[in-house]
Amino acid sequence: MGFPTLRCKKALLANGGNPNVAVQWLFDHMEDPDIDAPIASSAASTALAPPDPGLISMLQDMGFTAAQAKKALRETGGDMERSVDWLFSHPDDMGDAEGAGQAMDTSSESKPKNYGGSSELPARYRLKAFISHKGPSVHSGHYVAHIRLEINAAGEEDWVLFNDEKVVKADQESVDSLKPLAYLYVFERV
């Protein structure tokens, strides 16, 4: 649209890095007397702007708390990729109770979460399923799935081949030949 770089940076900083809101901000502030004044400090500007709620929601969908998401976005200037990297680099940082001057509801975060699992060692797993490619090359062929399932009321298990609409008991030769070449393996704890 032809806006000067300085104005674009100010718009993004003022709106938590959201480009759609930043464009509207540019139109609303074109006549401001200080629109072309240099940016005082990027750290101060990003600390004042609340993080984009959409980015916070995306990080929460990945399993992080709202406090962690807000802190990561603040620490990285609202950059989503850098925020994810920051969160994985700071796994023990639970965020802070206040993000960018806004009080948070910590009632749901005060209870310890139960993630399941077991600390019993050694952990034992077995192959439950695998996905492989049948065909002469990556340009031709077909992906299929083999899944170990109960095949009768007695609880006996065997490999079942899922090939689009075709679902049949897999022959052992097919399992033995495709298992070492699978693209994806799924294990279950036993």
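Assorted remarks:
- Partner lysines whose Cα lies under 30 Å from the Cα of K9, excluding those fewer than 8 positions away in the same chain, are identified as K70, K71.
- With a Förster radius of 41 Å applied to the C-beta separation of H139 and K9, the computed FRET efficiency comes to 0.35.
- Taking the helices alone, the chain has a mean residue ellipticity at 222 nm of -9500 deg cm²/dmol, built from -39,500 (n - 2.57) per DSSP H run of at least 4 residues and averaged over all its residues.
- To put it simply, the accessible area of the chain at a 1.4 Å probe is 54 percent carbon and sulfur.
- Tilt relative to the chain, helix 19-28 - C-alpha long axis, 0 to 90 degrees, to 10: 20 degrees
- Using θ = phi - 60° in the Karplus curve 6.51 cos²θ - 1.76 cosθ + 1.60, the 3J(HN,Hα) couplings for segment 142-154 round to 7, 8, 9, 10, 10, 10, 7, 9, 6, 10, 8, 5, 6 Hz; x is entered for Gly and Pro.
- The alpha carbon radius of gyration of the chain, expressed as a multiple of 2.2 N^0.38 Å, is 1.62.
- Per-residue SASA entry for Y125, accessible area with 1.4 Å probe, Å² rounded to 10: 130 Å²
- Separation of the D34 and I147 label points, Cα + 7 Å toward Cβ, nm: 6.1 nm
- Between helix 66-75 and the chain there is an angle of about 60 degrees, using the helix long axis and the longest principal axis of the Cα atoms.
- In degrees, nearest ten, helix 80-89 long axis to first principal axis of the chain (Cα): 70 degrees
The values are calculated or read from the model by the stated rules, or taken from the named source; none is laboratory data. Everything quoted here is computed from the prediction, not taken from an experiment. Note that we place each Cβ from the backbone using ideal geometry, even for glycine, and neighbour counts take in every protein chain shown. Protein only, heavy atoms only, side chains kept; ligands, DNA and RNA dropped before computing areas. Shrake-Rupley method; radii C 1.70, N 1.55, O 1.52, S 1.80 Å.
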